[in-house]
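Input: a single structure, listed below in structure tokens.
Derivation of every value follows stated rules applied to the coordinates shown; laboratory data play no part. All values reported here derive from a predicted model rather than from experimental measurement. Heads up, the Cβs are rebuilt from the backbone with ideal geometry, glycines too, and the neighbour counts pull from every protein chain shown.
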Amino acid sequence: MKTPLTFALAGNPNAGKTTLFNALTGARQHVGNYPGVTVERKSGVHTLPDGTSCNIVDLPGTYSLTAYSIEEVVARDFLVQERPDVVINIVDASNLERNLYLTIQLLELGVPLIIALNMMDVAHDRGIELDPERLSALLGVPVVPIVARGGRGINNLMAEAHRLGQRTAAWRPLRVSYGEDLDSMLQQMEKVIEEHDLLTDTYSPRWLAMKYLENDSQIREKGGRTNRQAATILEGMAAEATRHHQVTLETLPEALIADQRYGFIKSVLRQGVLSLRHDPDRLYTTDRIDQVLTNRLLGPVIMLAILFGLYTFTFTYSELPVAWLGGLFGWLGGLAEAALPDGPLKSLLISGVIDGVGGVLGFVPLIMFMFFGIAVLEDSGYLARVAFMLDRVFHTFGLHGSSVMAYIVSGGIAGGCAVPGVMATRTLKSRRERLATLLTVSFMNCGAKLPVLALLTAVFFAGRQAMVMFLLTLLAWTVAMVVAKIYRLTVLKGPSTPFVMELPPYRFPTLRGLLIHTWERTWHYIKKAGTVILAISIILWAMMTYPGLSAQEDAYFAAQRELAQTEYFASEDELAQRLSVIDRREAERSLELSLAGRIGRSLEVISRLAGFDWRTNIALVGGFAAKEVVISTLGTAYSLGEVDPEASESLAATLANDPAWNPVKALAMMVFVMFYAPCFVTVVCIAREAGSWKWGALAMGFNTVFAFAMAVLIYQVGMFLGLG
């Protein structure tokens, strides 16, 4: 059986690459990580009209193939090591000159290439006329015009890719002239590479020589490991070229190479490829919208209104399905209660699994609605405007504008995850700004914290959930930036670097794209609940169950039941109620004497300052592993303390009826959960990205002390004012 062809999708961010990937693969895709790195790898299957299947790999969005970021390294390594049959380069037709920069680098690498000229509709609206056939003739590769979001031209694109993939032609690198001086040096370096056979089994000699001139750290490292003698010669030649160009032209070879590439692109475009119908100074729809949405006065107000609208939408429309799921897990608990005999297995299933994991899964509708709203903002291009507007604010606090996207990815709008937020800091060139960002991204309200915040706002701030969540989000941003400023004034002193970013055009999101993005993120949340949280819930259940009561205390409660049986009660109900009280005291005492209960009690001396009792402490300790566990552990703790099936309630109802809980304690706990130590996986990522475990330890220690201080302040002031 013939192996399916593999097509790699490459392109700039915001060029429509992900839209095309979703259109090609639909639900037939899966997400993982590239080996050895945490950059996301998406792959899927596409079936051609004749029934032939092909594998589609969505490479990380990148502007070039020079190793300035991990995404660029990953994309380049995949191309040269995996050697896909065809590389489909998605190019924004409305911004052709900049997008073709990556195209030229792909051609210089020699990959079998097809250009997917995307957003032809946007280009047409802007008065840009393109001749795909002329561009194809000049570059020597197929060029297919498409509109990915509307599905136009995709069948033609895949048919052309299939034809090219079946040819199995050798890679033919494009040779661009970089001027007499550089071309002469490149030829000399090529000879050295060929004589020493340096990495020629993977790269073309000219491409390798160019990477040495561009001071590509990855290639230099590989060359040094392969042949130290040849690498030393090449590094010396590159250093000589650098000195020569600094003296003669006051520039570096890599800058000259970039200029020459853009010169090559301009010469191509001027040969009948591109023409303008309208005045180039004309304002287009995107520009007119930006005059309002990014206005210095109106922009921030609109941004806050959109954020508040997102929370209103989420809590309004998720309320009913959340109640349905809560009822479903309550029904499952009742079934297990009736069907299973008393014992550890029954306790594990009801308290550990159903009440624990069910408490987390019960918030899936809320998470799904939140992710859908964020997908709308992201796919429409508005989130990029949020980053643009916040750039000036971030510089005030010593951060880089790119930090905004790391915060947003971590849950700055709510519902993200701190792990990819930490990874997003790799784009920051300044180490100080990078460390300040990755140490504070965990303050954002990620998807793991949402169930805790949603539960407590629903119970203690009913009818005001959207407003409370909105204010908590503003608090998260404020605290993150203030803490970042503290870091930048103390352990991470240094100047801020300038920020330049691309604002993509506004687009109407496609329903299919929104559903795919929503499902991907929701499914990740569900999988985490079904694996990591299930495992942690079982471990915590065991810690909350064993060692249990001593023989003497077992005998004491048994004697209490026997005594109750001998007493006079007016009715059977009164006797049952008396026995239920004894059972509840026994269950609570058993939980208190368990390993987790003893830990909770030992912390209660300090935690009482913030209003946290020993049950709450158990949940918060579990949250060090994963924040979702806070809810599941609370559910388990209260479930183990409640043994009367007739009186069993949801966790929300239990907390609402518990005299130990009040709005002040709930607010203190929400703030503590928002800001205390990141989950363990995030801490590992911080340590790995920062290059030292001391930064991971700092994130755990500082965040926890800071969060507890804020919780104590809120609780003490609130109780003093009589708000509890």
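For the pair S571 and L713, the difference between a 0.36 nm per residue extended length and the Cα-Cα distance amounts to 46.2 nm. If R0 is 41 Å, the Cβ-Cβ spacing of R167 and L276 corresponds to a FRET efficiency of close to 0.70.
The largest-to-smallest principal axis extents of the Cα set in the range 5-165 are 45, 39, 25 Å.
With axes computed from alpha carbons, what is the tilt in degrees of helix 572-593 against the longest principal axis of the chain, rounded to the nearest 10 within 0 to 90? Helix 572-593 sits roughly 50 degrees off the main axis of the chain. Taking Cα atoms only, the orientation of helix 298-339 departs from the longest principal axis of the chain by about 50 degrees.
What's the ranking of 439-445, 229-235, 53-59 by average number of surrounding C-beta atoms within 10 Å, highest first?
Highest to lowest by the protection proxy: 439-445, 53-59, 229-235.
When only alpha carbons are used to place a centre, the range 651-724 and the range 133-207 end up 54 Å from one another. Helical runs assigned H by DSSP (4 residues or longer) give the chain a calculated mean residue ellipticity at 222 nm of -19500 deg cm²/dmol, each run adding -39500 (n - 2.57) before division by the residue total.
If one computes the Cα centroid of the range 332-404 and of the range 559-628, what distance in Å separates the two points? About 29 Å separates the Cα centre of the range 332-404 from the one of the range 559-628. Taking label positions 7 Å along the Cα-Cβ direction at both V247 and E337, the computed distance is 8.8 nm, reported to one decimal. Working from label points 7 Å from Cα in the Cα-to-Cβ sense, the D183 to L511 distance is 5.6 nm.
Of the peptides 264-276, 153-165, 669-681, the ranking by mean beta-carbon count within 10 Å, highest at the top, reads 669-681, 153-165, 264-276.
Note on V684/H395: beta-carbon distance plugged into 1/(1 + (r/R0)^6) with R0 of 30 Å gives a FRET efficiency of 0.50. You can think of it this way: the chain between D658 and I526 has 44.6 nm of extra reach, that is 0.36 nm per residue less the Cα-Cα gap.
Using R0 = 22 Å, the C-beta based FRET efficiency linking A555 and R585 works out to 0.90.
Multiplying the residue separation of A542 and F720 by 0.36 nm and removing their Cα-Cα distance gives an extension gain of 60.2 nm. Q246 sits among other residues whose Cβ lies under 14 Å from its own Cβ, and their net charge, with Lys and Arg +1 and Asp and Glu -1, is -3. For K493, a cut-off of 26 angstrom between C-alpha atoms picks up these lysines, skipping any fewer than 8 places away in its own chain: K429, K485, K694.
Would you indicate which of (i) 1.33; (ii) 1.13; (iii) 1.27 is the value of Cα Rg over 2.2 N^0.38 Å derived from the coordinates of this structure? Only one listed value fits the structure, namely (ii). A simple packing score, the average count of other Cβ atoms within 10 Å per residue, orders the peptides 102-109, 140-147 as 102-109, 140-147, with the highest score first.
Between 0 and 90 degrees, the angle of helix 511-530 with respect to the longest Cα principal axis of the chain falls at about 50 degrees.
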